[in-house]
Structure formats: structure tokens, C-alpha cells
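Step one of this worksheet: look at the structure below.
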Amino acid sequence: MKNGVKKIIVGNWKMNPEKIDTAKKLVADINRRASKSKKSLIVLCPPTIFLSEVRGRKPPKKVKFGLQDVHYEKSGAFTGEISATMAKNMKAEFSIIGHSERRAMGETNEIISRKMAAALRSDIVPILCVGEKEVDEHADHLSFVKEQLTKGLASVSQTEIEKIIIAYEPVYAIGASEAVGPHVIYQRNIFIKKILTEMYGKQKAFGIPILYGGSINVDNAKEIIRDGSVDGLLIGRASLKAEDFLEIIARVESIK
Ligand code: PGA
């Protein structure tokens, strides 16, 4: 995944915006003004119902699309769900998997593992979200993240691991007023690499892009990428304002 791409900037729109016209304008604005961006892979994850229309007949050059979730079965009696096969058929290339807001709705590591397998089977790049709910003095939060990784990746083979992205998103930083400090992000980044090394060996582990997500904004993005040493960002609220999203990309690209 890392080859040739400097940073991966993912916009998670969640259940926004309410109107398709707003969604189309957001994509058009981002695509038009990101034309100078050479170093970023920009992935937008709109609500699935908007995907086909925002992508349009002539897909935007600078933007790739992802879903916010996929189901683990190909088809069947799963009311309200969307499969990875369907996502692929609608030309999505990525999918967020195991976001904490979905975990809060009851999604377990076992379900997430099946979703990872389904995404990879359909040639969708899964962006696996992990992150502790709180930090405690016994370092249980590290065991928590370790378990999310080992169980969430249980279905992912040595070959498939080269096709995934990890997003470290501490739950307390999502939708909050502040992101986690870059030094904490750096430590977690190293911790995640250590677990991935145990699972897949150093060479593969260090090739897996690790993003940070949680209250990214124009003012903290650059420092987080630089000092947290992450490969990109998963952005919620700030991805709904073209101006902010583009400024984040510009600041990240200004890192030498
Ligand atoms: P936020 O959301 O940037 O609004 O905190 C991030 C996320 O949930 O991925």
C-alpha cells in the first residue's frame, strides 16, 4: 500500500450530509481544488446511498471512494446491510471496518475479522479501526488494542496483509474537542507495529500504513503526521468542510 504514495487522507462522512446536492458539491470542490495535490491518496467514505451519484459517470480524478462498513456475507437475508461484493460492483475501492461507532452498536472482533475477510475477497482495501476506550495505569488499554488487532486480523493471511490499512482511533478522541498528543500517537504506532511484527514479521508489518483518527483539524494535522510518524489520517468532522479538508491536505503535504 505504501508504494509511491506519501500520505493517505481518508474522509469519514458518517451519516452526513442530509442532501445529495451537498454531498456532490463537497466531492466536486475537493476534487477540483485537490488538483495540485501530488503526494496524497484521498479517499472519501460517503453514506453508501450517495456513493454512485457522488462518483458520477466520469469519476473524479483526485478522489477515490470507500464505504463506512461492509457485511461479511455476499448476499442474503440481512436487512439493511451492504456486502463487500456489492461495494466492489459499485466501484468502491476501500471500506472502513470496525469503526468504534459500529463496535458500540455491538460489532465484535470476531465479526470484524469476517468483514476483513469479505472485503479482501472482493478486492476492497479494508481500513481496520482499532483504539482503546480509555487509558489505565495497568496498561490494560494496550492489551485491549492488541486483542483488537490479533482477533480482527485473525482471517488475514501473510499475503493479504499487504493490502490493508490500520487506523488507530482512540475512542475518547473521536468527536471530541482535542486529538491525542503526537507523542501518544507515536507510542501507539510503535506498539501496533510491534504486534503486527509478531503476527506477520517485520518487513510486512512495517509496510502496513497506520493512520491516526480522532479530532483531526487544520491546526493539529501536520504535527500529528510529523511527530506521530503516521502514514495518514482518518478524518470525521473536518472532512465535511471542503476548505478544512483541503487545508489539512496542504499542510500535510508541506512536510518535507
Ligand atoms: P472526528 O471523527 O474527526 O470527527 O473526531 C473521526 C472518526 O470517527 O473517524
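Laboratory data are not the source of any read-out in this text; all were calculated from the coordinates shown. The model shown is predicted, which means the values in this text are computed figures rather than measured ones. Here Cβ is always computed from backbone atoms with ideal geometry, including for glycine, and neighbour counts include all displayed protein chains.
Based on alpha-carbon atoms only, what is the radius of gyration of the stretch 158-246 relative to the globular estimate 2.2 N^0.38 Å?
Against the compact-globule rule of thumb, the ratio is 1.12.
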Which loop GluC sites (Glu not before Pro) in the stretch 168-256, with loop taken from DSSP, have no more than 13 other Cβ atoms within 10 angstrom of their Cβ?
-> Glu178
Just grab the label-to-label distance for Asp136 and Lys25, each label 7 Å out from Cα along the Cβ direction, in nm (one decimal).
-> 4.7
How large is Rg/Rh for the stretch 50-106, to two decimals, with Cα atoms and a Kirkwood Rh?
-> 1.01
In the chain, taking the dipole from +1 charges on Lys and Arg beta carbons and -1 charges on Asp and Glu beta carbons about the Cα centre, the listed residue (Thr159, Gly80, Ile174) farthest towards the positive end is Thr159
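Go through the stretch 38-86 and name the trypsin sites (Lys or Arg not before Pro) that are in a DSSP coil and have 16 or fewer other Cβ atoms within 10 Å of their Cβ.
Numbers: sites: Lys38, Lys39, Arg55, Arg57, Lys61, Lys62, Lys64, Lys74; in loops: Lys38, Lys39, Arg57, Lys61, Lys62, Lys74.
Answer by residue number: Lys38, Lys39, Arg57, Lys61, Lys74.
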Under a Cβ-Cβ cut-off of 11 Å, what is the net charge of the residues other than Ala119 that fall near it, where Lys and Arg count +1 and Asp and Glu count -1?
-> +1
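As a footprinting exposure proxy, order Phe65, Phe50, Phe191 by other Cβ within 10 Å, with the fewest listed first. Show your work: numbers first, answer last.
Working: Phe65 24, Phe50 20, Phe191 17.
Listing Phe65, Phe50, Phe191 from fewest to most nearby Cβ atoms yields Phe191, Phe50, Phe65.
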